[in-house]
Amino acid sequence: MTDIILTENAAKRVAAIAAKQGEPAVLRLSVEGGGCSGFTYKFELGAVEDDDISTEESGVTLVVDPVSIDLVRGSAVDYVENLGGASFQVTNPNAAAGCGCGSSFSI
């Protein structure tokens, strides 16, 4: 089983943001307590740490810390644009429930 997947669409968006900001094309996904459902996803550009779990797509690296991976293992990170706006979204098979905006979840 793959720990986590970064879609090609998300990789393209990360590459564009990283190039514009002069940062490496590394997207960090972490999970924090909070949000309307108990846990919330946090995205930021960053560097790869020694204990990170990582995957690569189209030259872009997605990293997850060892604590967060247990909550998102098997997930896919995508970049979606629709009438409601544009955002990175996580399809998490571990989530028992989520909020309407897709940024928080419960297990």
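Odds and ends about this structure:
- Measure of compaction for region 1-92 (Cα Rg per 2.2 N^0.38 Å): 1.04
- Taking 1.002 mPa s as the viscosity and 20 °C as the temperature, the Stokes-Einstein diffusion coefficient of region 26-66 based on its alpha-carbon Kirkwood radius rounds to 197 µm²/s.
Just so you know, all these numbers are worked out from the coordinates, no wet-lab data involved. Bear in mind the structure is a predicted one, so any value in this text is a computation, not a measurement.
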